[in-house]
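Below: one structure, written as structure tokens.
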Amino acid sequence: MSFKIFQKIREIFALKIFLIFSLILFIFLISLTAFFIHYETDSLKDNLIQTGKVVTEIFANNSRLGLFSDNKVIMNNVIISIFKEKNVIEVSVFNKEQKLFVQKIKNSMFDKKDINSHVFQMLKRKSEVIFFENTDRIEFFSPVFSLNTINNEEDFFLEKDSPDSNNALLGFVRVIIDKNQLNCNIKRIFTISILLGLFFLIIGSVTMFLTAKKMTRPLKSLNDEVKILEQGNLKEFNEIQVKTIDEVGKLTTAFNNMAKALMEREKKLIQSEDNLKTERNFLAQRVDEQVKELTILNAELSRSAKLKDEFLANMSHELRTPLTSILGMSEILIEEMYGPLNEQQRSYLETIEKSGKHLLSLINDILDVSKIEAEKMKLDFSEIDIKYLCESVIRMIKQTASKKRLRVTTSFNIKNNILYADNLRLKQILVNLLSNAVKFTNEGGSIGMDVNDDFAAKATKLRIWDTGIGIKEKDMELLFKPFSQIESNLSRKYSGSGLGLVLAKRLTQMHGGDIKFESVYGKGSSFTISIPWQDMPVYTEVLAKEKFFQKPAKSSSSISSNSHLILVVDDNSDNVTLISNYIKHKGYKVIVATDGNEAINMAISSNPDLILMDIQMPGIDGLEAIRNIRLTNKKVPILAVTALAMPGDRERCISAGANNYLTKPINLKDLLMAIEKGLRGDT
């Protein structure tokens with residue numbers, strides 16, 4: 001009995017020792033096979049690369065004479081000697097301009113390979129043989145240098161690094177070595193090594209199988225429990241009883257501990273998943289709430305933007321409507337339509353007109369900023385004479401400048417006076433900048449405008465400068481902010497809305513240009529606007545002047561005759577009185593409608609020659625009235641005379657059927673001109 005137990009223990013130790021040695025042998029054979037393959041492969045490859053370098057260096061040295069003398073016959077002889085190396089499949093020679101000089105290919109089955117320019121740059125820097133390895137070939141490159149003195153042909157076979165050589169580059173050579181033979185040798189070594197490895201692997205596997213078969217018997221119960229864990233049924237797991245204290249026993253104990261740890265981890269994982277699900281639901285709820293909040297916020301922003309536009313439109317209408325009466329009646333009185341004026345009366349009326357126009361300019365500036373922010377302002381590009389434009393702007397501000405005894409200078413250094421831009425908006429930019437220069441320059445100072453061509457930037461640059469009060473560095477960031485002024489307290493010295501420079505910058509940017517400024521506090525400031533040149537038809541300077549300063553055509557006697565009947569439609573009695581009296585004074589017959597329904601009926605019954613249509617009216621508005629009139633009368637000229645001046649208002653009026661669009665307050669002379677053009681059919 002004791003002998004059997006001893007024999008069993010001895011057999012177990014024998015199996016363990018045998019298994020260990022079998023495993024060591026197996027690992028050793030695999031390592032030896034891998035090392036042998038790697039060593040032999042590297043040796044073959046290194047030999048081939050070394051051979052290629054040597055051949056390339058010899059070829060580069062022997063190519064000096066041929067490249068120097070530009071002799072292809074010599075090069076062909078050198079190439080024939082290089083082709084004696086059995087692995088060489090292609091040689092190429094390039095001159096120093098990197099152009100192919102000579103190329104020979106041993107086997108036409110190989111494709112020609114171009115050289116990237118960066119390879120030549122590397123050769124110039126390294127001045128040595130470099131190579132690039134591909135799947136089926138290795139390409140070797142070397143520069144070819146000339147010698148200091150050439151007395152005979154033997155000088156060309158000096159080493160390039162010898163004391164008698166210099167660094168004058170003659171060209172480059174390329175040698176392509178075929179890797180097919182190398183690949184075949186590598187495959188043969190790999191095949192033999194694998195076959196030997198497989199042979200010993202089979203022997204080792206059979207040995208290990210027989211050994212493992214005996215060892216699996218005491219591990220059966222362990223394997224059954226492993227399957228239970230593998231299926232994830234941790235609740236069905238039963239702890240394995242440890243019956244031995246050898247390696248199998250220790251493995252069983254470790255497995256029991258691992259199973260317990262897995263069961264504990266699963267409990268924690270289930271708990272974590274529940275917590276994660278709760279957190280996920282909470283986050284989803286928060287995301288939904290934030291989406292709803294953002295939706296509400298976006299709706300509020302849209303509503304605010306709409307209310308802002310409506311507010312601006314309403315305020316524009318409410319301000320322009322009384323301004324129409326103020327400016328119109330002032331204009332009528334200044335023209336002395338109702339009798340002569342004394343000096344004090346004329347002075348008061350001019351003050352009223354000036355204040356009204358100032359208020360109108362503030363309204364227009366606010367609307368212009370709103371249009372630009374809404375991206376609804378469009379520029380009307382045309383060919384303009386920049387010199388005449390600048391001179392006209394100077395004339396506009398010269399009277400104000402003379403009151404302060406300012407010296408006004410201009411200079412022009414341009415080859416072509418014609419510029420492609422929006423005439424009205426460019427004039428607005430220059431007037432704003434020059435008005436600021438006059439405003440902020442003390443009496444006896446100087447202001448000016450310099451116009452120059454910038455050929456580098458392909459732009460015309462207009463520089464407006466002054467010797468005024470200048471701007472402090474800390475205040476410069478406020479210059480181009482809407483409604484911002486350097487002096488914002490109640491005791492400020494200079495008036496203004498703070499929109500002039502904002503409009504100037506944004507209008508310049510809409511032209512594709514930019515505005516820059518420089519200032520020294522106490523010495524003055526300068527603003528330079530850059531208007532880029534654009535392709536346009538070539539016009540002569542004379543034609544541009546005629547187009548730019550074209551005078552309005554004088555009205556004909558037939559148009560001014562009292563045979564024309566004009567229908568004035570407006571719900572504001574002051575405007576009706578103003579417009580009716582003025583055009584009656586000019587010899588026209590006038591009938592009046594105070595709402596849209598009355599306008600439609602009178603257009604049918606009275607058949608007027610022209611209609612002046614207000615837009616904002618109670619009941620049927622002007623746009624609907626125009627559409628109804630056009631159903632029965634498509635020829636009568638209709639002029640939309642409205643306080644609506646927001647982006648898109650002009651387009652809405654024209655699309656409804658109006659022939660022209662005038663914004664209140666109206667200059668009565670402009671109104672008269674528009675009436676005459678409408679009666680002529682020029683609208």
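The values are calculated or read from the model by the stated rules, or taken from the named source; none is laboratory data. Bear in mind that the values here come from a model prediction, so they are computed numbers and not experimental data. Every residue, glycine among them, receives a Cβ derived from its backbone with ideal geometry; neighbour counts consider all protein chains shown. These accessible areas exclude ligands, DNA and RNA; they are computed on the full protein's heavy atoms, side chains included. Shrake-Rupley method; radii C 1.70, N 1.55, O 1.52, S 1.80 Å.
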Discussion item. For Lys664, what residues show an amide H to amide H distance below 5 Å, using hydrogens built from the backbone and excluding near sequence neighbours?
Written reply: Thr642, Ala643, Leu644
Practice prompt. Please turn the phi angles of the stretch 288-293 into ³J(HN,Hα) values with the Karplus equation 6.51 cos²θ - 1.76 cosθ + 1.60 (θ = phi - 60°), one per residue in order, whole Hz, x for glycine and proline.
Written response: 4, 5, 5, 4, 5, 4
Worksheet item: Between Phe145 and residues 5 or more places away or on another chain, which pairs have amide H atoms under 5 Å apart, with H built 1.01 Å from N, and which residues are they?
Response: Leu170
Worksheet item: Considering lysine pairs in the stretch 370-462 that are 8 or more places apart or on different chains, how many have Cα atoms under 22 Å apart?
Response: 19
Worksheet item: Hey, any idea what % of the stretch 567-670's accessible area is carbon plus sulfur with a 1.4 Å probe?
Response: 47 percent
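Would you kindly calculate the translational diffusion coefficient of the stretch 624-683, applying Stokes-Einstein with the Kirkwood radius from alpha carbon pairs, for 37 °C and a viscosity of 0.692 mPa s, and quote it in µm² s⁻¹ without decimals? Display every interim value, and only then the final one.
On the way: Rh = 12.0 Å.
This corresponds to a translational diffusion coefficient of 274 µm²/s.
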Fill in: Placed amide H near Asp422: partners under 5 Å, 5+ positions off or other chain
Ser382
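By per-residue mean of other Cβ atoms within 10 Å, what is the highest-first order of 651-657, 51-57?
Details: 651-657: 16.9, 51-57: 18.7.
The most tightly packed comes first, giving 51-57, 651-657.
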Discussion item. For Lys106, what accessible surface area do you get with a 1.4 Å probe? Give it in Å², rounded to 10.
Written reply: 90 Å²
Worksheet item: What ³J(HN,Hα) values, in whole Hz, does the Karplus curve 6.51 cos²θ - 1.76 cosθ + 1.60 give for the stretch 75-83 when θ = phi - 60°, with x put for Gly and Pro?
Response: 5, 5, 5, 5, 5, 4, 5, 5, 5
Item to complete: Report Lys104's accessible area, 1.4 Å probe, all protein chains in place, as a number in Å² to the nearest 10.
Response: 80 Å²
